Amino acid sequence: MIAGFEPAMAGRIYIAGHDVTEVPPETRPLTMLFQENNLFAHLDVQTNVGLGISPSLKLTASDATEISHALDRVGLTGFEERLPRQLSGGERQRVALARALVRDKPLLLLDEPFAALGPALRREMLNLVDEIRREKGLSIILVTHHPGDARHAAIHTAFIHMGRVKAMRPTADLFEANDQPELTEYLGHEPD
């Protein structure tokens with residue numbers, strides 16, 4: 001609903017103080033990074049990242065600098081001219097993250113973006129996203145099936161079961177609680 005892919009059944013959706021309930025998905029002030037990186041196979045890394053700045057690819061010299069900086073931040077300096085098929089799954093996802101970084105939107109939605117990465121790189125990317133959140137003053141919503149990701153990166157966590165928010169609390173409080181049998185089952189603990 002936040003991204004506009006599903007209509008709200010009730011209530012209003014506000015992003016950065018603006019009602020976006022009726023705003024089409026493509027014009028909402030947010031960036032979304034999916035589990036699948038959604039790179040264009042025929043475009044090189046630099047061009048894929050540049051799409052985050054200008055879908056028409058009318059890029060300035062300062063845009064090129066921003067692209068280089070984003071690629072450096074995700075550890076892909078030197079990969080500018082490679083095509084997605086020449087990259088590992090983790091490298092492709094880092095290109096998608098670099099593209100998300102060059103967009104100037106107040107909200108970043110992350111839908112399991114690091115699921116294909118090993119634990120160390122996943123944590124490094126979560127740290128990078130948090131660093132960028134602080135620098136740019138972004139709000140971030142992260143969807144993950146990895147409780148460790150939520151424990152590491154989230155201030156507040158919502159546990160969703162069968163399409164409904166069962167609990168939403170500060171992350172540490174949620175994982176320490178024993179009043180959510182579905183969460184206990186999900187985590188693999190015996191209920192108290």
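What the table below lists for this structure:
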| item | result |
| --- | --- |
| Residue count for the stretch 41-62, restricted to those that are surrounded by 11 or more Cβ atoms within 10 Å (Cβ to Cβ) and at pLDDT below 95 | 6 |
| Subset of the stretch 153-185 that is among the charged types (D, E, K, R) and part of a helix (DSSP H, G or I) - its residue that is modelled with the highest pLDDT | Asp173 |
| Pair list, Cβ < 9 Å and 6+ apart or interchain, from the stretch 32-54 residues that are farther than 20 Å from Leu138 by Cα to residues that are among the acidic types (Asp, Glu) and surrounded by fewer than 14 Cβ atoms within 10 Å (Cβ to Cβ) | Asp44/Glu81; Val45/Glu81; Gln46/Glu81 |
| Some residue of the stretch 80-90 being over 29 Å from Arg169 (Cα atoms), at pLDDT below 85 and among the small types (Gly, Ala, Ser) | yes |
| Residues that are among the acidic types (Asp, Glu) and either in a helix (DSSP H, G or I) or buried (at least 17 other Cβ atoms within 10 Å of the Cβ) (or both), drawn from the stretch 81-111 | Glu91 |
| Test result for Val74, in contact with a Lys or Arg (Cβ under 6 Å, 6 or more places away or on another chain) and either under 22 Å from Arg133 (Cα atoms) or without any contact (Cβ under 8 Å) to a residue 12 or more places away in the chain (or both) | yes |
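The values are calculated or read from the model by the stated rules, or taken from the named source; none is laboratory data. Note that the structure is a prediction, hence the values are computed from the model and not measured. We place every Cβ from the backbone using ideal geometry, glycine too, and count neighbours over all the protein chains shown.
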